[in-house]
Structure formats: structure tokens, C-alpha cells
Amino acid sequence: MRAGDLRHKLLIQKRNTSQDSSGAQVRTWTDYVTVWADIQPISDVAKFYAGAMQAGVTHTVTMRYQAELADPVAVAAMRGVWEGRYFTFSAPKDEGERHRQLELKATEGLVNA
């Protein structure tokens, strides 16, 4: 992976759940790490061939390997923020299990709650 390909500064946030003064659950987001990534929209052809298995996936995010981001359970409680756009992640892929780069499937949308 060439450094020049990682041109998007992506903020990764973790979801936290706490209780407010009345006991209701409140979800908040805290900054976890900022990474340089390549964020690419998935073409209509790729969406067609992916079929129902990747329904809703809108982008592929590629970044340098981060152990916690390779864990599907941890990634499910995170979101990415890039230029005011929000992404939820799924299906982290460690190419060749070499711990050099990660590819995450991402769905763009409002993820405030």
C-alpha cells in the first residue's frame, strides 16, 4: 500500500452507552483514533454482483492495519467520520492475514444515535 493512496483523514469513534439522571440510556460517541485511509464508493456493478450479502454497503475503506479495527465485534461499536459524513463499518478483512492493511465495508448514513 502506497502512502499516497491514503488521502482521506478519517476519524474513528467508539460508541458508549451511559445513563442520564432519570435512568434512561444515552448513547454518546468518543474519539478513538484518526487514520489516513482510502475511501472509495462501490460501483453499481459491484453492488449488483455482491447481491444481498452486502446490501446497503456503499463504500470500501482501506487503511493500515490496526488490531482493534480487525475485530468484527469491536468494529460494530464504531463509526467513521469524514468531512461531515458518517460511516458504519462491517466485515473487516486483513488481506492475506499479513497485518499490513485492513479493508472495511462501510455504509454511509446518519449515525448519531
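The values are calculated or read from the model by the stated rules, or taken from the named source; none is laboratory data. Remember, predicted model here, so these are calculated numbers, not experimental data. Cβ sites come from the backbone with ideal geometry, for glycine too, and all protein chains shown count toward neighbours.
Can you confirm whether D31 is modelled with pLDDT of 95 or more and of a type in the set (D, E)? So D31 passes the test. Scanning region 55-113 for residues that are of a type in the set (D, E) and on the phi < 0 side of the Ramachandran plot returns E68, D71, D94, E95, E103, E108. Among the residues making up region 77-108, those that are out of contact with any Lys or Arg (no Cβ under 9 Å at 6 or more places or on another chain), under 21 Å from R27 (Cα atoms) and touching a residue at least 12 places away in the same chain (Cβ under 8 Å) are G80, V81, R85, A106, T107. When region 71-103 is limited to residues that are part of a loop (DSSP other than H, G, I, E, B) and either among the small types (G, A, S) or under 11 Å from the mean Cα position of the chain (by Cα) (or both), the one that is surrounded by the most Cβ atoms within 10 Å (Cβ to Cβ) turns out to be A77.
For the criterion of being within 14 Å of A106 (Cβ to Cβ), out of contact with any Leu (no Cβ under 7 Å at 6 or more places or on another chain), assigned to a helix (DSSP H, G or I) and modelled with pLDDT under 95, A50 passes. For region 10-33, a residue qualifies if it is loosely packed, with under 12 Cβ neighbours inside 10 Å and under 15 Å from the mean Cα position of the chain (by Cα), and the qualifying residues are T30, D31.
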